[in-house]
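Let me begin by presenting the structure, written as structure tokens, before commenting on it.
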Amino acid sequence: MEKHEEVLVSLRQIIRAIDLHSKKLSKDSGLTGPQLILMRSIRELGEVTIRQLSTHTNMSPATATTILDRLERNGLAERVRSTTDKRKVHANLTEKGRLLLNSAPLPLQESFINKFHNLEEWEQSLLLSSVQRIAYMMNAESYDVAPVLELGNITDPIPLCPKAN
């Protein structure tokens, strides 16, 4: 098997692992991976616009809006017009959304996170740069994967790396 084929096999294993975790996420919390990521970003960023959310989560504004619509319908998030600039609308978590998020599992497997944190700093950086390079080589920054993910066909759109320039 050629090296590039071995890379593909490894990527497929990663996709499969993330897909299985995403299904477990949905079963345990009732949230899809993209919903969980958007909610975590709202909590992290505070008073945030859709554009800021889409940039932070590496989703298109349309995808972030669609996911926010669903979160709103489920009473987990709300849109609030800015008090300082009436043209801006901010996303906030509701109390129900905050409670659900506090008890929701992490968007990545806990075993992965623990093993990653146990690596030396240089090993973490090496893995991150390798994944970033693969994403760049696959032109991943040009795809908006969240709509497919929202249907549950692939995996979480966790931005493992910032968009490559």
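Since every read-out is calculated from the coordinates, none of them should be taken as a lab result. Small disclaimer: the values here were computed from a predicted structure and weren't measured. Glycine gets a Cβ as well: all are built from the backbone with ideal geometry, and neighbour counts include every protein chain shown.
Side notes on the structure shown:
- For A77, the amide hydrogen comes within under 5 Å of the amide hydrogens of E72, T94, counting only partners 5 or more places away or on other chains and with H modelled in the peptide plane.
- Among the trypsin sites (Lys or Arg not before Pro) within the range 14-106, those in coil by DSSP and having at most 13 neighbouring Cβ atoms inside 10 Å are K86, R87.
- Calculated FRET value between H4 and L128, using beta carbons and R₀ = 25 Å, to 0.05: 0.75
- Mean separation of Cα contacts under 8 Å (6+ apart) over length of the range 3-150, as relative contact order %: 26 percent
- For the range 49-56, 3J(HN,Hα) per residue [Karplus equation, 6.51 cos²θ - 1.76 cosθ + 1.60, θ = phi - 60°, Hz, x = Gly/Pro]: 8, 4, 4, 4, 4, 5, 5, 5
- Kirkwood-type radius of the range 3-150, with distances r between different C-alpha atoms, in Å: 17.0 Å
- Mean separation of Cα contacts under 8 Å, 6 or more apart, over the residue count of the range 23-68: relative contact order %: 31 percent
- Counted over all Cα-Cα pairs of the range 26-79, pairs farther apart than 16 Å make up 32 percent.
- Close amide-amide hydrogen proximity is noted between H90 and V80, R81, S82, each under 5 Å apart and 5 or more residues distant or on a separate chain (H modeled in the peptide plane; Pro and chain starts excluded).
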